[in-house]
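The values are calculated or read from the model by the stated rules, or taken from the named source; none is laboratory data. In this text the structure is predicted, and so the values were computed from the model without any measurement. As a convention, Cβ positions derive from the backbone with ideal geometry for all residues, glycine included, and neighbour counts pool all protein chains shown.
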């Protein structure tokens, strides 16, 4: 080791702390090497994502080259195993869309309400109880949800579908109806004179209440008359998928609601708004981008889910008629990939095999774009929020 | 609006919010209730003498002398049944072809049912399939079979405007006036003596191999396969994930590259699990040839990619949660950055990282879609550790799907399906519970 620092200048002790030029270069190289190795390992997820895209696209291209785009996206004729194979996946796309829509209808109102409740309404101790419930819902494997949907929920639906539907309708609509009656009777009596107001409100309340109750009874009557041919249908899948997407929606929108500062809430309270008014008119609008991101993540969860839809959707590749008939079986992209690969596996190289990669590519592209959009929304919201 | 109304609306809004939370709790209960109740049926049930005989034959369990004594008592109770059947067979040959034609179909059906309930006839050759060598091993299944013996289910189509209505007819009506008639009364009276049900705790359900495609035995191959797959996934994901987290938390800063990297991590987390499965098939098996076909190794690698984002994110969070004073203290003592990370920050962040590992372990254990094409088979023996690099394995999530949809006798092995589901759920929830407890400890410690 070459010693080019005079000991007299630095003193005996600090001498050891300084390194020779060679050692310094050595260390710098070492640091550089270490850093680049670290960077490479840290980019493993980037590399993985690139590889996933590359390999899915590589196996999807042959399909589009042989069959073209038009049939795949516009035809509903899905007969992959025929002699004259047809690969019209429109009904499968529609199926995926339908269950996702259904799942969102279940998950978003419930999830956002639960998030509001967790962030603003419940006291701290109860929040600590509610959180594990959500975490457990998120932790339960999807195949367990699928098993429940197939073995418990589907037979129940098939045997007493009408009754189940009416109970569900009452559970959801009755509380809403009560609130609607109160608001309606209140709003309509604002123009009444002071003296007529109270009796007017009671009278109108009874009238509206009667009307809505009549409507509900009619609806229940209609619903309980329905007979459900197969318990494995789009409704079953949507409900279960919605419950599965709930934890995502709740936790992401709760984060968004918590990110809205105390100042906004306090300002609103100071103006005399009640808690519900503060939440609905101030906090939710302020957190809307975060809530939107939560919805997008929920959609991604529902679209990408495999086991539940494979077990509980009925796997019939046709568009329900009319399209909103959720009591018919449908088929989704993920279930098609999972179900058909077993048969297409040993014919690697055929259109039958590559069409599944084309579907996977559509899923992948959708998930990737949704993710980018949600990140963009969150990032922009953060910028606006300061 | 009036103040009163506004107050009421406020309150009802709170109530609706709480209803939303309660609905979530209820749906969790509705989901877990049947799974727990029926899942326990795989472990605790009333076993028949057939079960004890099977245990003795296949696993060498139980007291041979005692079981044989019990079996001879059961044989005694069954003797009248076989005697009557034999007599009826004689009657059929005696009374000519018209008589035979009249009863042949019904009699054949009855004999199949009796064999399913009590096992092969005494004079019969030992059947090939194990499921035919024994009668009903569970009393709950036996009562179902008994019900089928005593009653015929028919559909009444007399009203053409409606679907067929199920009606039960006593089977004895079909054999009125023949020598077979007393058989049904005997069955009704002596079924318990023939099968001798007794409450059994079958905890070895977890550690027994399955016999004859899950008709008998336990779920050890599936459980073991799940352990291999989940631990294997962690083996790859944890080192990668922790190093990536260290890089992101301590070295990365705020460059463009890092922001792209973060986007990639969240995109990877959003990739549908079935796409991971296809990728695993196309890359690890068809391109890299890590194994000739499906294997635990390929499945673990695929699962590792799936849980990687979770590990990275949670570990990064844990590293960020370490108070900056720790780092400053170490740096001021002259430790290099890397040394600070390894000896000070990582140990302090370890419980948090552990939490992320535990949660990812649960996730990897429960994922089905990625292992369908890369690792899972429906039937198989438990494999040894060194076979994991080349052999596929049964695994709990895949076999739950498989037994619930593709098994030849889905209804007869419900208890096995529920037992598997319960095992998987308990496994995953225990892991999550541990994670929650660890996290609560950390937050208490950080709060002081």
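Restricting attention to the stretch A:1-22, the residues that are assigned to a helix (DSSP H, G or I), surrounded by 11 or more Cβ atoms within 10 Å (Cβ to Cβ) and either at pLDDT 85 or above or within 14 Å of chain B (Cβ to nearest Cβ) (or both) add up to 1.
Regarding residue A:224, is this residue surrounded by 15 or more Cβ atoms within 10 Å (Cβ to Cβ), assigned to a loop (DSSP other than H, G, I, E, B) and on the phi < 0 side of the Ramachandran plot? In short, no.
Residues being in contact with a helix residue (DSSP H, G or I) (Cβ under 7 Å, 6 or more places away or on another chain) and either exposed (fewer than 13 other Cβ atoms within 10 Å of the Cβ) or closer than 24 Å to residue B:200 by Cα (or both): count how many of those fall in the stretch B:121-137. Final tally of qualifying residues: 6.
Being within 7 Å of chain A (Cβ to nearest Cβ) and either part of a helix (DSSP H, G or I) or closer than 30 Å to residue A:284 by Cα (or both): is that true of residue B:17 here? Yes.
For the stretch B:367-378, a residue qualifies if it is closer than 16 Å to residue B:424 by Cα and either surrounded by fewer than 24 Cβ atoms within 10 Å (Cβ to Cβ) or more than 9 Å from every other protein chain (Cβ to nearest Cβ) (or both), and the qualifying residues are B:371, B:376. Among the residues of the stretch A:164-177, count how many are within 10 Å of chain B (Cβ to nearest Cβ) and either surrounded by 15 or more Cβ atoms within 10 Å (Cβ to Cβ) or within 25 Å of the chain's Cα centre (by Cα) (or both). Total satisfying the criteria: 3.
Checking each residue in the stretch B:252-263 for being at the interface with chain A (Cβ under 8 Å from one of its Cβ atoms) and either in contact (Cβ under 8 Å) with a residue 12 or more places away in the chain or within 26 Å of residue B:375 (Cα to Cα) (or both) picks out only B:261.
Within the stretch A:253-270, the set of residues being without any contact (Cβ under 8 Å) to a residue 12 or more places away in the chain and within 13 Å of another protein chain (Cβ to nearest Cβ) comprises just one member, A:269.
In the set B:27, B:47, which member is within 22 Å of the chain's Cα centre (by Cα) and at the interface with another protein chain (Cβ under 8 Å from one of its Cβ atoms)? Quick ask: steps written out before the conclusion?
Values: B:47 fails: at the interface with another protein chain (Cβ under 8 Å from one of its Cβ atoms).
B:27 is the lone residue from the list that is within 22 Å of the chain's Cα centre (by Cα) and at the interface with another protein chain (Cβ under 8 Å from one of its Cβ atoms).
Yes/no per residue for (1) free of Cβ contacts under 8 Å to residues at least 40 places away in the same chain; (2) buried (at least 21 other Cβ atoms within 10 Å of the Cβ):
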position	(1), (2)
B:236	no, no
B:239	yes, no
B:245	no, yes
B:250	no, no
B:265	no, yes
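Would a scan of the stretch B:220-232 turn up a residue that is crowded, with 21+ Cβ neighbours inside 10 Å, facing chain A (nearest Cβ under 9 Å) and assigned to a helix (DSSP H, G or I)? No; the residues of the stretch B:220-232 include none that is crowded, with 21+ Cβ neighbours inside 10 Å, facing chain A (nearest Cβ under 9 Å) and assigned to a helix (DSSP H, G or I). The set of residues in the stretch A:278-317 being farther than 17 Å from residue A:236 by Cα and not in a helix (DSSP H, G or I) consists of A:287 alone.
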